[in-house]
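Input: a single structure, listed below in structure tokens.
The values are calculated or read from the model by the stated rules, or taken from the named source; none is laboratory data. Quick caveat: nothing in here was measured; it's all calculated off a predicted structure. Because the Cβ atoms are built from the backbone with ideal geometry, glycine has one as well, and the counts that use them run over all protein chains shown. With ligands, DNA and RNA removed, areas are computed over all heavy atoms of the protein, side chains included. Shrake-Rupley method; radii C 1.70, N 1.55, O 1.52, S 1.80 Å.
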Amino acid sequence: MGRFLLRRLVHHLVLVFVAVTLAYVLASLALDPRSRYEGRNPPAPPAVIDAQLSEYGVNDEDPLPERYVHWMGGVLRGDFGTTVTGGSINDELWSRALVSLRLLVIGSVLGAAVGVLVGVVSAVKQHSFIDRLFTAVSFFFIATPVFFTAVLLKFGALQVNEAAGETVLFYTGYETPGLEAGFWGTVTDQVAHLILPTLSIALGLTALVSRYQRNAMLDVLNSDFLRTAQAKGLTRRQALYRHGLRTALIPMAPLLAYSFGTLVVGATFTEKIFGWHGMGEWVVDSITRDDINVTATVALFTAVFVLFAALLSDVLHAVLDPRVRVTA
Amino acid sequence: MIRQEPTTSRAPEGTAPLFEVRDLTVAFVGESGPVPAVRGLSYALSRGEVLGIVGESGSGKSASALAVMGLLPSSATVSGSVRLRGEELLGLSDRRLARIRGSRIAMVFQDPLSALTPVHRIGDQVAEAVRIHQGVSAAAAHDRAVELLDAVGIPNAAQRARAYPHEFSGGMRQRVMIAMAIANDPDVLIADEPTTALDVTVQAQVLALLETARRMTGAATVVITHDLAVVAGIADRIVVMYAGKAVESGPVVPVYADPRMPYTIGLLGSVPRLDRPGRPLTPIEGAPPDLARLPQGCPFVSRCPVNVPVCRTIEPALEPVARSDRRAACHRRGEIAFGRIGGAPVFPLPEIASAREESPRDGRPAVLEVRQLVKRHPITTGVVLRRRIGTITAVDGISFDIREGEALGLVGESGCGKTTTVMQLLELAAPEEGRVSMLGRDIASLSRDGRKHLRREVQVVFQDPFASLDPRLPVGDIIAEPLRAFGVSLDRRHGRVRDLLDLVGLSAEHANRYPADLSGGQRQRIGIARALALEPRLLVLDEPVSALDVSIQAGVLNLLEHLKVHLGLAYLFVGHDLSVVRHVADRVAVMYAGRLVEVGDADEVFGHPTHPYTQALLSAVPIPEPGTERQRTRILLDGDLPDPADLPSGCRFRSRCPLFARLPPERRRRCSDVDPPLEPRSTGDHQSACHWARDNPILPAGAGRSRTGRSDTD
């Protein structure tokens, strides 16, 4: 199994490399950092602009392969280069990554767990009131774009805050700037900031996952092995827990892992709306700022995340399902 | 004892039946109201007794078993009474019933592939059955599980207990099911289609094991099956179900010898029998009624050749047949005796096409000639870059030919390579090794056009009539499709479709219907009509009747027989059911692990099999006649087919060969050193591949009788 995963890792690394290369080339061709300098008032002399662009590694006069090799070389040494304004990408990357991850890890885990639970309950109580309720709510959140959900949540938070008479739920940023409230105070403050954006991510995921989980569980509910388990003397409920649940989770493993991986940038709207300075916000902003290096860096970050998601999916699948375990 | 009607007073304690089902009814929720699945089934069993419940799909036989165990979905309504040692089981809570399930009533299901949880180890699943009811420690339960696995004949049980279900073969999985069923010494054992989907040799093993299990536990056993031959071998009593009701019951011997309900007569007449080749089959026309819209009167009336007006108005009750402990649900049960009514057979023998004047086999041209055909599958590894790490030889140098107007039956267990052979032939591509010629032309030398031209001559009918017809096309278009592919004009297509429908026994109005509106038998007829559209000379029939109920299967088999004679077709008939092959084939080729082990005239091969494998196969096929069936001795083969990647040296059958086991060591050496070639046996072109082959008639007398009109080569 270890060797199998190692081989998969190598395959994925190749894919990451290809993805990042394509992202870099595309960004270099589409984005025009020179325009930001030429539009300045007073106009800077062309020689100065050229020198500046070359220093940042984004001069369109330099050959693309040379720029690419230079940037990639830096990346391999752990240096992602500079932003279009000359700042260090490395400094910003880690703080933004942490912001995004805090939001995404909690949101995804919560969304997936609740989604699985809702799906299982829906399936077991198929055609009941609760099943139809879950179905209706799920379809609402699947059909609603996240920016609408997020605005709804904001609106709801306003009502809550008004009713409570103080700010219980924050909807801008991930902490109150300059807050001095000791350890517990800071934690409370951060949690209060976290609730709404996490919910907006989790709700969509829950809705989606619950639909898939419901179907997977329904398949299992009609399966012969569940009947065998009951024939051995288990009650229906025991049979469901001991024999049904794990089997029903198998088809979910790839879905869960990949939805986590693709959320990294998919959460752009959420980050924008709630004013979280995360990766999603960064990539959008850097495209509007014609920032080639940042765009490529975020692409790299995303690709690596998808890589981990793929490995996670393989591991989850193998843990759940002995049929796919390989001894090679 | 089986009592079919509720007795007026309860029998005194001690003589009360061990297990008693009375007036059991099951109804499912349908689109328009409840659909009855079981309509008043009653039976009773005493210790050690075996009851066979026989019926076709939809007869309610499985639903009745699940109802007894409380395993039906909650939407089903169940009424009546199920008593185990006098204790009523219906209406118990799931929790109380769970304590009885698996300990006092155990069940063995069909299709052991899906009946075991794929994610748990075999040993754990058996141990669970022990732990639930016996409250022992995990370690003790595991030890007991290994003991049980050993008892049901799983070699190397301690180690195999750690394996998962997908690492077991079908037969082994069914053994595991039985191990779980006997884990707690049940009073009642219910086996629902325990051998369906298993190969005959494995079926024989499993039936023998069920018998052992019954003896070990003394359990009263209910065997539910569609296979009359299986019941003939193991049951003491039989209940025949039709449209949710028992229509005939009694001890097996008299019921088989002298059935009183026309349905039972029809069923027995429609089963092809290994010991009675050449006897025409009597199919039951029509299809079982739709349970959601049961007609008034007897549910069998529309298919019954001897119905009288009262049958359309009053449904006959299951009532005693004069002076016996048998019962039948037929208004005319008193008039029927030994399958005849008023001197005439209830099901008149169909007009069997008598064979045309046939020239001797040698004089007829070969339609298909296969010489030393080899097909290998690579075993590869890697996801992006595929590497070949080994080879499986699925077909290893087989040779046979089919002459004009002749049916060759290709038989063997699943995994022996017969389907691979057929697919290779149908591809019309040059084989990797060997030579295939069709209608005298070598396939390897064909041009594109030549290949297309040849396709007209070779057509195929597939196994599954549900999957092999496009559900979105009306029947007429399905049949006309091959004609369109060959550019036949629209007008002529219409006429041809009508002719073809007529030819396969359907009417012209079927052309506008969709496959979903038709029964399995009708669909298979459409598959045959489609195959015949281009007037082929060779029809490849890949298990054409194995997905059909017996009563329907007989009609299709008769049709095939008729078509062969009238159109002068040649058949390559692939099958695992030897009785069916016996019925259809003029010649037989027996395949084992990619090789042909015995080839020859059907009468010769079935009557005087010389290869130990053929002998074992034939001995494993049950015969639907209790008297004969119980006197036969079975040659039980050990284990399963060898791993095709790791075949034994010399003779491939050596690892399972009962003859090899009895040979003195110096003779054995020959088997392990030299791969036996096909060699001619006594008469004609009968060949077999065994160093120590000898004639050993397996079947009861009469088996070797030749069909009238069938040509013998010598």
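If packing is taken as the average number of other Cβ atoms within 10 Å across a peptide's residues, how do B:269-275, B:152-158 rank, most packed first?
Highest mean packing first, the order is B:269-275, B:152-158.
Quick one: P(r) of the protein assembly as shown from all Cα-Cα pairs, 10 Å bins, percents rounded to integers, in order of increasing distance.
Per 10 Å bin, starting at zero, the Cα-Cα P(r) for the protein assembly as shown comes out as 2, 9, 14, 18, 18, 15, 10, 7, 5, 2, 1, 0, 0 percent.
Would you pull out the residues with amide H under 5 Å of residue B:108's amide H, same chain only if 5 or more places away, H placed 1.01 Å from N?
Answer set, sorted by chain and number: B:190, B:191, B:192.
Separation between the residue B:134 and residue B:673 pseudo-spin-labels, each 7 Å from Cα along Cα→Cβ, expressed in nm?
5.0
Taking 45 Å as R0, compute the FRET efficiency from the Cβ-Cβ separation of residue B:87 and residue B:661 and round it to 0.05.
0.40
Express the relative contact order of chain A as a whole percentage, based on alpha carbon pairs under 8 Å and six or more residues apart in sequence.
Taking the mean separation of contacting Cα pairs over the length of chain A, I get 28 percent.
So what does residue A:170 come to for accessible area, using a 1.4 Å probe and Å² rounded to 10?
Looks like 60 Å² after rounding.
Mind listing the phi-derived Karplus ³J(HN,Hα) values for the stretch B:209-225, rounded to whole Hz, using 6.51, -1.76 and 1.60 with θ = phi - 60°, and x for any glycine or proline?
Here the 3J(HN,Hα) series is 5, 4, 4, 4, 4, 5, 5, 5, 9, x, 6, 6, 10, 10, 10, 9, 7 Hz.
Residues of A:233-244, mean number of Cβ from any other protein chain within 10 Å of their own Cβ, rounded to a whole number?
5
Would you kindly derive the ³J(HN,Hα) couplings of the stretch B:665-682 from the backbone phi angles with the Karplus curve 6.51 cos²θ - 1.76 cosθ + 1.60 (θ = phi - 60°), listing them in order in whole Hz, with x for Gly and Pro?
Calculated HN-Hα couplings, in order: x, 5, 6, 4, 4, 4, 5, 7, 9, 10, 6, x, x, 5, 10, x, 10, 2 Hz.
Taking the Cα atoms only, what angle lies between the long axis of helix A:2-30 and the longest principal axis of chain A, rounded to 10 degrees?
The angle comes out near 40 degrees.
Averaged over B:93-100, how many beta carbons belonging to a partner chain fall within 10 Å of each residue's beta carbon?
Mean inter-chain Cβ contacts per residue within 10 Å come to 4.
Once the Cα atoms of helix A:129-143 and of chain A are each reduced to a long axis, what angle between those two axes, in degrees from 0 to 90 to the nearest 10, is obtained?
The helix A:129-143 is inclined about 10 degrees to chain A.
Using 1/(1 + (r/R0)^6) with R0 = 41 angstrom and r between the beta carbons of residue B:486 and residue B:362, what's the FRET efficiency to the nearest 0.05?
0.80
Can you pull out the trypsin sites (Lys or Arg not before Pro) in the stretch B:274-355 whose DSSP state is coil and whose Cβ has at most 13 other Cβ atoms within 10 Å?
Loop-located and lightly packed - B:323.
Residue B:260's amide H: which non-local residues (gap 5+, or another chain) put their own amide H closer than 5 Å, with H modeled 1.01 Å from N in plane and none for Pro or chain starts?
none
Need one value: the accessible area of residue B:510 in square angstrom, 1.4 angstrom probe, rounded to the nearest 10.
Number for this one is 20 Å².
Averaging over all projection directions, find the projected area of the Cα convex hull of the stretch A:102-288 and quote it in nm² with one decimal place.
13.6
Taking the Cα centre of the protein assembly as shown as origin, sum charge times position over the Cβ atoms of Lys and Arg (+1) and Asp and Glu (-1), and report the length of that vector in debye to the nearest 20.
2400
In whole percent, how big is the carbon plus sulfur part of the accessible area of the stretch A:24-78, probe 1.4 Å, protein atoms only?
So the carbon and sulfur contribution to the accessible surface is 59 percent.
Express in whole angstrom the spacing between the alpha-carbon centres of the stretch A:15-66 and the stretch B:144-179.
Between the Cα centres of the stretch A:15-66 and the stretch B:144-179 lies a distance of 68 Å.
At q = 0.07, 0.09 Å⁻¹, work out log10 I(q)/I(0) for chain B with the Debye formula, treating every Cα as an identical point scatterer and leaving solvent out; two decimals please.
-0.52, -0.88
Between residue B:445 and residue A:125, how many nm apart are label points set 7 Å from Cα along the C-beta direction?
Each label point is offset 7 Å from its Cα along the Cβ direction, giving 7.5 nm.
Chains A and B: buried accessible surface, both sides, probe 1.4 Å, rounded to 100 Å²?
Approximately 2300 Å², summed over both chains.
Report relative contact order for the stretch B:574-650 in percent, whole number only (criteria: Cα-Cα under 8 Å, sequence separation at least 6).
21
Averaged per residue, what accessible surface does chain A expose to a 1.4 Å probe, in Å²?
50
Taking the mean number of other Cβ atoms within 10 Å as a proxy for protection, how do you rank B:580-590, B:660-670 from highest to lowest?
B:580-590, B:660-670
I need the phi-derived Karplus couplings for the stretch B:141-155: 6.51 cos²θ - 1.76 cosθ + 1.60, θ = phi - 60°, integer Hz, Gly and Pro marked x.
The phi angles translate into 5, 5, 4, 5, 4, 5, 4, 5, 4, 5, 5, 8, x, 8, x Hz.
Please give the per residue accessible area of chain B, computed with a probe of 1.4 Å over protein heavy atoms only, in Å².
Heavy-atom SASA per residue in chain B reads 41 Å².
Could you work out how far the C-alpha centroid of the stretch B:80-98 sits from that of the stretch A:221-289, in angstrom?
A separation of 41 Å, based on Cα centres.
Would you please give the residues with an amide H less than 5 Å from that of residue B:247, counting only those at least 5 places away or on a separate chain, with H modeled from the backbone geometry?
B:240, B:241, B:242
Tell me the relative contact order for the stretch A:102-288 as a rounded percent, counting alpha carbon contacts under 8 Å between residues six or more apart.
32
Report the longest stretch of chain A that contains none of the GluC sites (Glu not before Pro) sitting in a DSSP loop with at most 12 other Cβ atoms within 10 Å.
A:181-328
When the accessible area of the stretch B:513-610 is computed with all protein chains present and a 1.4 Å probe, what percentage of it is carbon and sulfur?
Using a 1.4 Å probe with all protein chains present, the stretch B:513-610 comes out at 45 percent carbon and sulfur.
Count, for each residue of A:318-324, the Cβ atoms from other chains sitting within 10 Å of its Cβ, then give me the mean as a whole number.
3
If you stretched the chain out fully between residue B:74 and residue B:376, how much longer would it get, using 0.36 nm times the residue separation minus the C-alpha to C-alpha distance?
In short, 103.7 nm is gained.
Quick check: Cα centre of the stretch B:212-254 to Cα centre of the stretch B:446-511, how many Å?
With the stretch B:212-254 and the stretch B:446-511 each reduced to a Cα centre, they are spaced 42 Å.
Just the number, please: carbon plus sulfur as a percent of the accessible area of the stretch A:102-288, 1.4 Å probe, no ligands or DNA/RNA counted.
Within the stretch A:102-288, the accessible surface is 69 percent carbon and sulfur.
Rank-order B:42-52, A:305-315, B:551-561, B:387-397 by packing density, defined as the average count of other C-beta atoms within 10 Å over each peptide's residues, highest first.
B:551-561, B:42-52, A:305-315, B:387-397
Sticking with the crude label model, points 7 Å out along Cα→Cβ, report the distance from residue B:312 to residue A:132 in nm, one decimal please.
Label at residue B:312, label at residue A:132, 4.4 nm between them.
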